[in-house]
Amino acid sequence: MCGITGVSYHTRSGDAEAVLAAMSKRLIHRGPDDHGQFVLANGNAGVAHRRLSIIDLSAQARQPLFSEDGALALVCNGEIYNYQDLRQELEAKGHHFSSHSDSEVIMHLYEEIGANVVHKLKGMFAFAILDTLTGDLFCARDPLGKKPLFYGVSGRGVALASEIPALFEVPDIDLNMDADAIGLFLLRNVRHIPDPWTIYKGIRSLPPGHTMRIAKGRVAHVERYWRPSLSPQATSPDDVLEALDHAVDRRRMADVEIGALLSGGVDSTAIVDCLNRQGIKGIRTYAFGLNVDDEELVRARRASKMLGSRHQEIYFDADRQHDLFDKLLGIHGQPIMALPLTHAMMLFEAVQADGLKVVMAGHGADEVFYGYDGARSLASLSRLDDALPGSLMRPLASAMSHFFSTGRLGDALRVLSHTPGQRKTALYNFEARSLWPYLFQTPPDFNAVQAWSGPWFEETAPTSYIDEAAFLGLMQENAHAITIAGDLPAMAHGVEVRCPFMDQDLIELALTIPYADKVKRTRNFSGGKQILKCALRERLPEDILKAHKRGFGYFVQEEAVLRGPWKTRLDEAFLAPDDFGGLFNVDALHTLKSRFDQNSPDVPAILIAKLYALQRFQAGRGCT
């Protein structure tokens, strides 16, 4: 788990070493233990690495790692959980390893099968392989995007990094604001700038499950390589439990101690229980809540006592968390608004203070097993959509949507009036055409919505709407809550988060489970994640399995914080708001804030929160 950077120029450059060193320095929080870099003799390309030592703590595992003939140089951020099996296969073919690092298998596999290396890896990763003979870079990001990879294009060439601020050290990258990116950020449930955009015109993010080839200072090719099956097939609770056990077991590999986040909910409790069953006892666990009486902390205490963990609680501190919010924006390098990320910052401060480098967490379970409160409504809508022929339903729903344009009924009619692969997009399109002309001086390109969501369903789309919505949520819409949440606040404190529910094999299994097996009411359980709860019923007590779904930091609600301890800061931000170089209609910003203050139901707190994040981000630019 580390930070990586790289450059590729059109022609010889004398500053590659200095630029890489400056970029790498920006990432020291990601890898405080060691660093290294390599630049070609002609100065055309190079890579650098910041190391957080977790597997093979020796100097032999320092990156860049080189192939035996020196033709390849690798920098990698992440963990390859099946590296031991891959290593045995490669050694049998005559490959010689210089370390016991899991990352080294990537390079030897690349020698064998080239770009197909990504199909053999099971883990979380973002890596770059430099061909020292041609100067080409081959880059890849894991299927779910658990590890980030950004790249900037300038007149001189291409640079890449684990975090955006590292790219600020590269001359001539266009750092003007991207209106399309900001527009997408403000829509519906999105709380981050979605891939492949960033807030800057000259910087992009490699999407999850994609590879990229850079040649002679140009992005030569970007390709999606992960296309999981989305077709339902019968799966048993025993299959789910076996996959979870295997996912946890894979993530036990480390040469350092492993801790865990423990909320007392189904997901985190199941993970710590698995660790116990696999021989790790007395694990250190961490929980966050409003105060000592927070229901989530009460549940976590009970779970900790049952599991025999050494437990620590962290409490909400409005002022401290606002400071951490500003710090988070600076490290991320662009706007993001999800209050649980600041909760996580406090958690990982405590983890770092305890000297731990690795924790496990339950991210991803709600996305693929449908644990959110809205899952039942989505399932009901899907059953209706599945039951009626599209030739009858779609024209009727389309006609009715003109009379019921807002609210849940309007959303449902828009979903029912569109074909698979376009149903979720229709909701975003409708909001964009309503919000953007009002909020922006010149609206962003409306085609951006289709360009963002459409590619995930180019080849095939799930028949049932709930599965379509969930897959887009997993890959893009909920990234702030799963992949970004598992990287950004943790790596800000040099901590690695491992998420068994985001294991590739478990995810691929879960994506094919019929939604009727995930969301249903039975005599024993209610709500979502039914098949997962059935799988765990012999392991976890009923009070945990039957407990109402509580999100992380449930009793520290964003709207209450904005109207309460952060209100003065919010008011100040909207007194003379930044218009982002003429992008925003300032009168519209003032009107929205006024209506929010008046508790108007047509101004959701999430929109005000995101506009506030934009203002805080702009105020802090250049300060980190």
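The values are calculated or read from the model by the stated rules, or taken from the named source; none is laboratory data. The structure presented is a predicted model; accordingly, all values stated were derived computationally and were not measured. With ideal geometry, Cβ positions are generated from the backbone for all residues, glycine too; neighbour counts draw on all protein chains shown.
Figures for the structure shown
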item	result
Tabulated pairs, region 164-179, first part of a helix (DSSP H, G or I), second among the basic types (Lys, Arg) and modelled with pLDDT of 95 or more, C-beta under 7 angstrom, 6+ apart or interchain	Pro165/Arg26; Ala166/Arg26
In region 1-14, the residues that are of a type outside the set (Val, Ile, Thr) and buried (at least 16 other Cβ atoms within 10 Å of the Cβ)	Met1, Cys2, Gly3, Gly6, Ser8, Tyr9, Ser13
All positions within region 91-118 that are surrounded by fewer than 21 Cβ atoms within 10 Å (Cβ to Cβ) and within 28 Å of Arg224 (Cβ to Cβ)	Glu111, Glu112, Ile113, Gly114, Ala115, Asn116
Scan of region 541-558 for residues that are assigned to a helix (DSSP H, G or I), farther than 15 Å from Gln321 by Cα and under 28 Å from the mean Cα position of the chain (by Cα), ordered by number	Ile544, Leu545
Residue within region 547-560 that is closer than 30 Å to Asp239 by Cβ, crowded, with 24+ Cβ neighbours inside 10 Å and outside the structural domain of Arg141 (by TED's automatic domain parsing) present	yes
Total residues in region 23-40, condition surrounded by fewer than 22 Cβ atoms within 10 Å (Cβ to Cβ), farther than 23 Å from Leu72 by Cα and not acidic (Asp, Glu)	4
Hits in region 399-420 (condition: in contact with a Ser or Thr (Cβ under 7 Å, 6 or more places away or on another chain) and modelled with pLDDT of 90 or more)	Gly410, Leu413, Arg414, Ser417, Pro420
Extreme residue, farthest from the chain's Cα centre (by Cα), among residues of region 229-259 that are in a helix (DSSP H, G or I) and among the β-branched types (Val, Ile, Thr)	Val240
Single residue of Phe440, Phe501 found to be at pLDDT 95 or above, closer than 23 Å to Asp180 by Cβ and not assigned by TED's automatic domain parsing to the domain that holds Ile193	Phe440
Test: residue in region 589-606 that is buried (at least 20 other Cβ atoms within 10 Å of the Cβ) and touching a strand residue (DSSP E or B) at 6+ places or on another chain (Cβ under 9 Å)	no
Which numbered condition Lys122 fails, given (1) under 22 Å from the mean Cα position of the chain (by Cα); (2) crowded, with 21+ Cβ neighbours inside 10 Å	(2)
Filter result for the condition that a residue is part of a helix (DSSP H, G or I), surrounded by 22 or more Cβ atoms within 10 Å (Cβ to Cβ) and outside the structural domain of Leu27 (by TED's automatic domain parsing), over Ile513, Ile466	Ile466
Residue that is more than 30 Å from Gly362 (Cα to Cα) and either touching a Cys at 6+ places or on another chain (Cβ under 6 Å) or in contact (Cβ under 8 Å) with a residue 12 or more places away in the chain (or both), where the choices are Asp131, Asp142	Asp131
So Ala535, is it small (Gly, Ala, Ser), surrounded by 16 or more Cβ atoms within 10 Å (Cβ to Cβ), closer than 28 Å to Pro228 by Cα and within 23 Å of the chain's Cα centre (by Cα)	no
Any hit, region 307-328, residues being under 24 Å from Asp503 (Cβ atoms) and in contact with a Gly (Cβ under 9 Å, 6 or more places away or on another chain)	yes
Hits in region 128-153 (condition: among the aromatic types (Phe, Trp, Tyr) and either within 15 Å of Asp487 (Cα to Cα) or not assigned by TED's automatic domain parsing to the domain that holds Thr211 (or both))	Phe150
Test set (1) touching a Gly at 6+ places or on another chain (Cβ under 6 Å); (2) not in a loop (DSSP other than H, G, I, E, B) - Trp226 fails condition number	(2)
Exclusive hit being outside the structural domain of His95 (by TED's automatic domain parsing), surrounded by fewer than 19 Cβ atoms within 10 Å (Cβ to Cβ) and not small (Gly, Ala, Ser), set Pro232, Pro196, Pro171	Pro232
Region 322-352: number of residues that are small (Gly, Ala, Ser) and part of a helix (DSSP H, G or I)	3
Check on Leu536, out of contact with any strand residue (DSSP E or B) (no Cβ under 9 Å at 6 or more places or on another chain) and not assigned by TED's automatic domain parsing to the domain that holds Phe125	yes
Residue match in region 146-155 (condition: within 25 Å of the chain's Cα centre (by Cα), surrounded by fewer than 24 Cβ atoms within 10 Å (Cβ to Cβ) and assigned to a loop (DSSP other than H, G, I, E, B))	no
Out of Leu206, Leu261, sole residue that is buried (at least 21 other Cβ atoms within 10 Å of the Cβ), more than 18 Å from Asp503 (Cα to Cα) and in contact (Cβ under 8 Å) with a residue 40 or more places away in the chain	Leu206
Sole exception among (1) assigned to a strand (DSSP E or B); (2) on the phi > 0 side of the Ramachandran plot for Arg188, by number	(1)
Leu356 vs. criteria at pLDDT 95 or above and touching a strand residue (DSSP E or B) at 6+ places or on another chain (Cβ under 8 Å)	yes
Ala73 vs. criteria in the same structural domain as Ala220 (by TED's automatic domain parsing), crowded, with 23+ Cβ neighbours inside 10 Å, out of contact with any Cys (no Cβ under 9 Å at 6 or more places or on another chain) and closer than 21 Å to Gly135 by Cβ	yes
Flag for Leu121 being in a loop (DSSP other than H, G, I, E, B) and under 22 Å from Pro148 (Cβ atoms)	yes
